[in-house]
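Before any comments, here is the structure.
The values are calculated or read from the model by the stated rules, or taken from the named source; none is laboratory data. Remember, predicted model here, so these are calculated numbers, not experimental data. Backbone-built Cβ (ideal geometry, glycine too); neighbour counts: all protein chains shown. Heads up: the accessible areas ignore ligands, DNA and RNA and are worked out on the full protein's heavy atoms, side chains in. Shrake-Rupley method; radii C 1.70, N 1.55, O 1.52, S 1.80 Å.
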Amino acid sequence: MTVSIDMKHLLPAWEQFRNQTDIAPIRDETHYERMTALLEALLEEASGDENHPAMSLPAIVGDLIEDYEAQHHRLADTTGIDALKFLMQQHGLKQGDLTEIGSQGVVSEILSGKRELNIRQIRALGERFAVSPATFV
């Protein structure tokens, strides 16, 4: 299988896209803040629609944020689920209180690692706890 890429058209389009979004490996805290704001804007734009044309971008931006945080904001091997459990404890919430992400059974599966959070749930949790959706990625 041979893939033909028209670099003459691709590179100018990439340059324009990169200049508008600054999507690239994160260089510093200012860039990190811009990328987390971009992630939130992308999730808001998609409104939980997994078929939205821009839905691959949150995964890319989330990976860039995750890479930067692993190097510069290292926590003791915490996950998005760990963050959720911590926030639930801090707010005195039980599984049944998180109706915006699903039934108590769905929440139980998420907390036990049997199910992953989807984009809609991540966005809802970010809004509920007033934190960056990247917290749960």
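Applying the selection to segment 38-52, what residues are open to solvent by less than 80 Å² (accessible area, probe 1.4 Å) and either in contact with a strand residue (DSSP E or B) (Cβ under 7 Å, 6 or more places away or on another chain) or farther than 13 Å from Leu64 by Cα (or both)?
Residues satisfying the conditions are Glu40, Ala41, Leu42, Leu43, Ala46, Ser47, Gly48, Asp49, His52.
Output the helices (runs of 4 or more DSSP H) that fall wholly within segment 40-137 and possess 3 or more residues being within 11 Å of the chain's Cα centre (by Cα), or say none.
Fully inside segment 40-137 and qualifying: 56-72, 119-129.
Being surrounded by fewer than 12 Cβ atoms within 10 Å (Cβ to Cβ) and free of Cβ contacts under 8 Å to residues at least 24 places away in the same chain is the filter here; which residues of segment 15-28 pass it?
Glu15, Gln16, Phe17, Arg18, Asn19, Gln20, Arg27, Asp28
Criterion first (at pLDDT below 85 and not basic (Lys, Arg)) does Asp77 satisfy it?
Values: at pLDDT below 85: yes; not basic (Lys, Arg): yes.
Yes.
Is it true that Glu33 is open to solvent by 90 Å² or more (accessible area, probe 1.4 Å), assigned to a helix (DSSP H, G or I) and not basic (Lys, Arg)?
Here the answer is yes, as Glu33 does meet what is asked.
Can you name the number of the only condition in (1) touching a helix residue (DSSP H, G or I) at 6+ places or on another chain (Cβ under 8 Å); (2) touching a residue at least 60 places away in the same chain (Cβ under 8 Å); (3) of a type outside the set (Gly, Ala, Ser) that Asn118 fails?
Result: Asn118 fails condition (1) only.
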